[in-house]
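Participant: Input: one structure, supplied below.
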Amino acid sequence: MTDKKTVIVTGGSRGIGAATCQKLLSKGFGVLSVSRTEPLLDGITHVPCDLMDPDGRRAVFKVLAERDDLFGLVNNAGIATPNLIEEFDHLIYERVMDLNTTAVAELSAAVIPTLIKNRQGRLINISSELILGFPTRTAYSASKAAVSSFVKTWALELGKYNICCNAIAPGPVETDLFVKNNPPGSSVREQKLNKIPLGRFGRPEDVAGVVTFLMSEEATFITGQTLYVCGGSSLGSVPV
Ligand SMILES: NC(=O)c1ccc[n+]([C@@H]2O[C@H](COP(=O)([O-])OP(=O)(O)OC[C@H]3O[C@@H](n4cnc5c(N)ncnc54)[C@H](OP(=O)(O)O)[C@@H]3O)[C@@H](O)[C@H]2O)c1
């Protein structure tokens, strides 16, 4: 193990992932972005990878697992393809599940042996407040509920190696993904804004700050949790 702490962020090219890379970099972490397009920010190592290509991604994961300076993994890349349950489409469902859930398990499984060897590490899955349910998000909400569940099992399995595993469930955050599914002027966008007690949509930096906290020395006793970063919009719907 080296003194340098390197964190892998999937989907660091834009949105929440890009803000996360920037924040981690500012705190002194080495940062690798696993994405198809190159991140705009200097100082980040781009690992080109289409996470929807199972053979291609496994080859990349194998190389990443060989780095002995690995400290953290942020499973951030994700897609949402809204449709009603009666419009169920097997291909769409498979694509959402493959990127949002299967690739998360595969990449985590690949790097965990290195973290175990190092006797420290942090795994963070970016989930969503829509795990609580939302019309047109059958596949998306289920995929995000799965990654929230993953961290509970991983926390139990990996605590003895000093590896903390947590999920973050963002509410609406203004990114390409959000704008595509909630266009300016749409009623769904207005409804979502009205549900947020803090009266604004989230910014990518709001989530990036929490990822960085969970990577920090201040968060060494937090594991197996899903933290809602949602401006309060999940309140009234979260089971106690
Ligand atoms: N924005 C929100 O309101 C919100 C709320 C809750 C949860 N989330 C979750 O937060 C995460 C980030 O969302 P975002 O809003 O920042 O999305 P975004 O702006 O659309 O960015 C998505 C990122 O995922 C990467 N990605 C997508 N498909 C990929 C593929 N096949 N291979 C490799 N990388 C891929 C993209 O990189 P390339 O295109 O360069 O490959 C991009 O960097 C997602 O998991 C999302 O579900 C977002």
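The values are calculated or read from the model by the stated rules, or taken from the named source; none is laboratory data. All figures in this text were calculated on a predicted structure; none of them were measured in a lab. Glycine also receives a Cβ, built like all others from the backbone with ideal geometry; neighbour counts cover every protein chain displayed.
Participant: Just to be sure I understand, how many residues within segment 137-176 are among the hydroxyl-bearing types (Ser, Thr, Tyr), crowded, with 19+ Cβ neighbours inside 10 Å and under 15 Å from the mean Cα position of the chain (by Cα)? Full working, then the answer.
Facilitator: Step one: of segment 137-176, the residues among the hydroxyl-bearing types (Ser, Thr, Tyr) are 138, 140-141, 143, 148-149, 153, 161, 175.
Still in the list and also crowded, with 19+ Cβ neighbours inside 10 Å: 138, 140-141, 143, 148, 175.
So of that shortlist, the ones also under 15 Å from the mean Cα position of the chain (by Cα) come out as 140-141, 143, 148, 175.
Result for segment 137-176: 5.
Participant: Residue by residue through segment 157-204, note down the ones that are part of a helix (DSSP H, G or I), touching a strand residue (DSSP E or B) at 6+ places or on another chain (Cβ under 9 Å) and away from the ligand (no atom under 13 Å from the Cβ).
Facilitator: GLU157, LEU158, GLY159, TYR161
Participant: Return the pair list, or none, for Cβ contacts closer than 6 Å from residues in segment 16-38 that are of a type in the set (Ser, Thr, Tyr) to residues that are surrounded by fewer than 20 Cβ atoms within 10 Å (Cβ to Cβ), at least 6 apart or on different chains.
Facilitator: SER33/HIS46
Participant: Can I ask one more? Could you list, ordered by first residue, the pairs with Cβ atoms under 8 Å in which the first is in segment 44-59 and farther than 13 Å from ALA103 by Cβ and the second is basic (Lys, Arg) and near the ligand (Cβ under 10 Å from one of its atoms), at least 6 apart or interchain?
Facilitator: Hits for this filter: PRO48/ARG36.
Participant: Looking at (1) within 16 Å of the ligand (Cβ to nearest atom); (2) part of a strand (DSSP E or B); (3) crowded, with 18+ Cβ neighbours inside 10 Å, find the lone condition where VAL47 falls short.
Facilitator: (3)
Participant: Identify all residues within segment 119-147 that are within 15 Å of the ligand (Cβ to nearest atom) and under 21 Å from SER216 (Cβ atoms); write none if there are none.
Facilitator: Residues satisfying the conditions are LEU123, ILE124, ASN125, ILE126, SER127.
Participant: Given the residues VAL60, VAL31, VAL9, which is the only one that is within 11 Å of the ligand (Cβ to nearest atom), part of a strand (DSSP E or B) and modelled with pLDDT of 95 or more? Full working, then the answer.
Facilitator: On the way: VAL60 fails: part of a strand (DSSP E or B); VAL31 fails: within 11 Å of the ligand (Cβ to nearest atom).
That would be VAL9, the only listed residue that is within 11 Å of the ligand (Cβ to nearest atom), part of a strand (DSSP E or B) and modelled with pLDDT of 95 or more.
Participant: A follow-up question, please. If you scan segment 33-44, which residues turn out to be crowded, with 20+ Cβ neighbours inside 10 Å and not β-branched (Val, Ile, Thr)?
Facilitator: Once the filter is applied, which keeps residues that are crowded, with 20+ Cβ neighbours inside 10 Å and not β-branched (Val, Ile, Thr), segment 33-44 yields SER33, SER35, PRO39.
Participant: Being under 25 Å from PRO170 (Cα atoms) and away from the ligand (no atom under 12 Å from the Cβ) is the filter; apply it to segment 89-101 and report the residue that is surrounded by the fewest Cβ atoms within 10 Å (Cβ to Cβ).
Facilitator: GLU94
Participant: Right, here's the next one. Within segment 90-106, is there a residue that is touching a strand residue (DSSP E or B) at 6+ places or on another chain (Cβ under 9 Å) and either within 20 Å of LYS5 (Cα to Cα) or not in a helix (DSSP H, G or I) (or both)?
Facilitator: no
Participant: Can I ask one more? LYS152 fails exactly one of the following numbered conditions: (1) under 27 Å from MET97 (Cα atoms); (2) assigned to a helix (DSSP H, G or I); (3) in contact with a helix residue (DSSP H, G or I) (Cβ under 9 Å, 6 or more places away or on another chain). What is the number of that condition?
Facilitator: Checking LYS152 against (1) under 27 Å from MET97 (Cα atoms); (2) assigned to a helix (DSSP H, G or I); (3) in contact with a helix residue (DSSP H, G or I) (Cβ under 9 Å, 6 or more places away or on another chain), the one that fails is (3).
Participant: List every residue pair whose Cβ atoms sit under 6 Å apart, with the two residues 6 or more apart in sequence or on different chains, where the first one lies in segment 192-218 and is within 15 Å of VAL9 (Cα to Cα) and in contact (Cβ under 8 Å) with a residue 60 or more places away in the chain and the second, anywhere, is surrounded by 20 or more Cβ atoms within 10 Å (Cβ to Cβ) and of a type in the set (Lys, Arg).
Facilitator: Taking only residues 6 or more apart or on different chains, the pairs are ALA208/LYS23; THR212/LYS23; MET215/ARG122.
Participant: Additional query: Counting only residues that are among the charged types (D, E, K, R) and in a loop (DSSP other than H, G, I, E, B), which one in segment 12-28 is surrounded by the fewest Cβ atoms within 10 Å (Cβ to Cβ)?
Facilitator: LYS27
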